[in-house]
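The values are calculated or read from the model by the stated rules, or taken from the named source; none is laboratory data. Keep in mind that this is a model prediction, so the values were computed, not measured. No Cβ is skipped: glycine too gets one built from the backbone with ideal geometry, and neighbour counts run over all protein chains shown. Accessible surface areas use protein heavy atoms only, side chains included; no ligands, DNA or RNA. Shrake-Rupley method; radii C 1.70, N 1.55, O 1.52, S 1.80 Å.
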Amino acid sequence: MAGLGLRRPHRHLHRPSRRCGVPQGAAGPGVPRLAPPGRPDHPVHLRRPHHRRRCPRPPAGTGVSVLPVRITPRPGQALDSYLEHLASANQLTTAQLMALVSTVSGAPTRYLALAPDPALLATVAHLAHLNPVDLARTVLTSLPGVGDLDPGTRYGHRDLAAKGWVQLHGTQACPACLADHGAWSTTWRLPVMTTCTTHRRHLAVTCPGCRRPFRDGRSTQLRPVGADTTCGNPLGAGPRQQCTRDLTTIPTAVASPAQLHRQARTDTALTGRPVTVLGQQSEPAAYLADLRHLTVLLLHLATQDTTGHLADWTPSLQTETAARTSRRGPRWGIRPPTDPGLRAQALTTADQILNRPDRESGADQLSPWLAAIPTGTDSRLGWLADRTVMTPTLTGLLTAALAPYRRISHSLTAQTGGPMTNPRYIPQVLPLATYQEHLAADLTVTPLLGRTYITLCLARTTPGVTTWAHAAQTLHLTGEMGTRTARTCSARLTVDNPTFIDHLLQLGATLDTDVDYRTLEDHVRQCWANRDWPSDWPGADATGTKQANLITWAWTHLAHAHPDTSPAWGRQGRTRPGWQAYTRFEKTLTRQQQQTLTEEFAKAAAAR
């Protein structure tokens, strides 16, 4: 009895209480019967006092016997799995071993596989004759990037659960590994683990017998079946009714080479070794965070309807998305897809981006995904930041990948010094035939609005022009018109920014740089002020409406200016009746009349 560090109980003392974690009874089914030295026929019951306070730890210097059979954990083996093997090796039930550990340590057994109390770990290390530091590597919080958990608080797991991507209850399993050695791995609780690189197959997530996650016993820390390879999940029909499905016979899918390569990189990080990310060495926790948050971002993007051509796993994800909830989108940042094959595909896609040799090539591979971002009042970067955690690596990668989707004004400013270097050679409104030939398909707006927007874009490429209002003023338009037109048309582009800018620069190279449109506008103003053109037009009196319509026609067709700025409107500007009268007049002009007006205007301009 001295070897256990416990005194022999008196026969008249109260029976042990359940409050101390030891079952009632003569010996208690949860406590092994150990005989003191020299008294092999006299069993001793390990028990704790019946009062409510926690039982004290064994006094310092008091020896506690180690277990007869001592084994060491396998590399990567979880603590709960090791205790099951330790109990089986010593011919104890898991309940008996846990009662012994709890009684000797005086520590709670909550969070056994996550972050057990240091006193409990020290007790297990002493009973198994192990180094406590080595035993601490068998718990989940020892892995890089998992986080910390306070075992002394009752609700400490909530902080860990709020971060997501960790299984607090249940775990995954590799049936082939269980068949080989029967040890459960600590990393199987992490969703980034999808594949067994040893057997080149995906992990299993649920037991086909009870249709529940493995090791899903809520009331017991260890499985009653111990180290056996059967499921052992409680079936709810009594304490001794457990699932008897043999886990080693569960079929699993074969993993692809790309998925195995990604899993090997993840295994490297989980063992504490650095991993290459975008051509540079990254710390294990940083790589795991980048992989997780980029995968979450891809999952949110893949739920859109326009990403089916980017990856073959998006239809399966949309099926799981529909099954998750009908009220709101799935919270991929908290709970990733359940299917290990689908999860492996998404993680592999993210890892292939992170495994590119530099940031630019990684951004090129990520950029097509960003086209699925819904257009709205939010910026694209704001939409992304609302759905994932922006790590430093991810922030730089997304900033580079969003370059083709940045506001068109930023891209136009970068084109300063293009083919149009002087705004005097840019009309207020692009000619209709030129617009239809080059850029009409790139915008879903009215022709007048689109033609004005194109000339504003050309003006933005001239040196010194940095705002839409400034671009409009260089064309003798109002700054408000320039801002309003740009805001409307920039949101209605049908192509990406690089394609639109290429079309715009090609158009700018075709414009005639010998035509000074500001001079043409001044000539039309003089014609209206002098009332001397056209002098011989039938019915074109100096004060009549037809004269104003002729000036407006010359303003829009010969000077290619905006109809709202026609000098014929006067100070009141364009009115609806006046515009309707002009459109009726414009339709009455024949092609011959238009040709005659053009020739006379050219002669009058040359004479001035």
Residue among 461, 499 that alone is within 36 Å of the chain's Cα centre (by Cα), polar (S, T, N, Q) and buried (at least 23 other Cβ atoms within 10 Å of the Cβ): 461
Output for region 98-122, where each listed residue is open to solvent by less than 10 Å² (accessible area, probe 1.4 Å), without any contact (Cβ under 8 Å) to a residue 40 or more places away in the chain and under 23 Å from residue 187 (Cα atoms): 120
Filter result for residue 472 (surrounded by 14 or more Cβ atoms within 10 Å (Cβ to Cβ), in contact with an Asp or Glu (Cβ under 9 Å, 6 or more places away or on another chain) and free of Cβ contacts under 8 Å to residues at least 24 places away in the same chain): yes
Some residue of region 562-577 being over 21 Å from residue 476 (Cα atoms) and either out of contact with any helix residue (DSSP H, G or I) (no Cβ under 9 Å at 6 or more places or on another chain) or outside the structural domain of residue 435 (by the TED database) (or both): yes
The one condition in (1) touching a helix residue (DSSP H, G or I) at 6+ places or on another chain (Cβ under 8 Å); (2) surrounded by 23 or more Cβ atoms within 10 Å (Cβ to Cβ); (3) outside the structural domain of residue 357 (by the TED database) that residue 248 fails to fulfil: (2)
Residues (surrounded by 15 or more Cβ atoms within 10 Å (Cβ to Cβ), within 16 Å of residue 429 (Cα to Cα) and among the small types (Gly, Ala, Ser)) located in region 476-493: 482, 486
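Looking only at residues that are open to solvent by less than 20 Å² (accessible area, probe 1.4 Å) and in a helix (DSSP H, G or I) in region 398-408, which one is farthest from residue 465 (Cα to Cα)? Show your work before the answer.
Start the filter on region 398-408 by keeping residues that are open to solvent by less than 20 Å² (accessible area, probe 1.4 Å), which leaves 398, 401-402, 408.
After this cut, where a residue has to be in a helix (DSSP H, G or I) as well, the list is 398, 401, 408.
Details: 398: 28, 401: 26, 408: 14 Å.
Residue satisfying both the conditions and the ranking: 398.
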Yes/no for residue 450 being modelled with pLDDT of 90 or more, crowded, with 17+ Cβ neighbours inside 10 Å and closer than 29 Å to residue 401 by Cβ: yes
All positions within region 174-197 that are open to solvent by 50 Å² or more (accessible area, probe 1.4 Å) and touching a residue at least 24 places away in the same chain (Cβ under 8 Å): 179, 181, 197
Filter pass, residue 308 being free of Cβ contacts under 8 Å to residues at least 12 places away in the same chain, at negative phi, touching a helix residue (DSSP H, G or I) at 6+ places or on another chain (Cβ under 8 Å) and not assigned by the TED database to the domain that holds residue 161: yes
Given (1) more than 20 Å from residue 350 (Cβ to Cβ); (2) among the hydroxyl-bearing types (Ser, Thr, Tyr); (3) under 19 Å from the mean Cα position of the chain (by Cα), index of the condition residue 244 fails: (3)
Failed item in (1) modelled with pLDDT of 85 or more; (2) over 21 Å from residue 308 (Cα atoms), with residue 387 passing the rest: (2)
Number of the exception - residue 125 against (1) among the small types (Gly, Ala, Ser); (2) surrounded by 20 or more Cβ atoms within 10 Å (Cβ to Cβ); (3) free of Cβ contacts under 8 Å to residues at least 40 places away in the same chain: (2)
Any pair with Cβ under 8 angstrom, 6 or more apart, that starts in region 585-607 at a residue that is within 15 Å of residue 526 (Cβ to Cβ) and ends at one that is among the basic types (Lys, Arg) and open to solvent by 90 Å² or more (accessible area, probe 1.4 Å): none
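For region 142-160, name all the residues that are open to solvent by less than 40 Å² (accessible area, probe 1.4 Å) and modelled with pLDDT under 90.
Restricting attention to region 142-160, the residues satisfying the condition of being open to solvent by less than 40 Å² (accessible area, probe 1.4 Å) are 143-144, 146-147, 149, 151, 156, 160.
Scanning region 142-160 gives 146, 147, 149, 151, 156, 160.
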Filter result (open to solvent by 90 Å² or more (accessible area, probe 1.4 Å) and closer than 14 Å to residue 528 by Cβ) within region 556-608: 571, 608
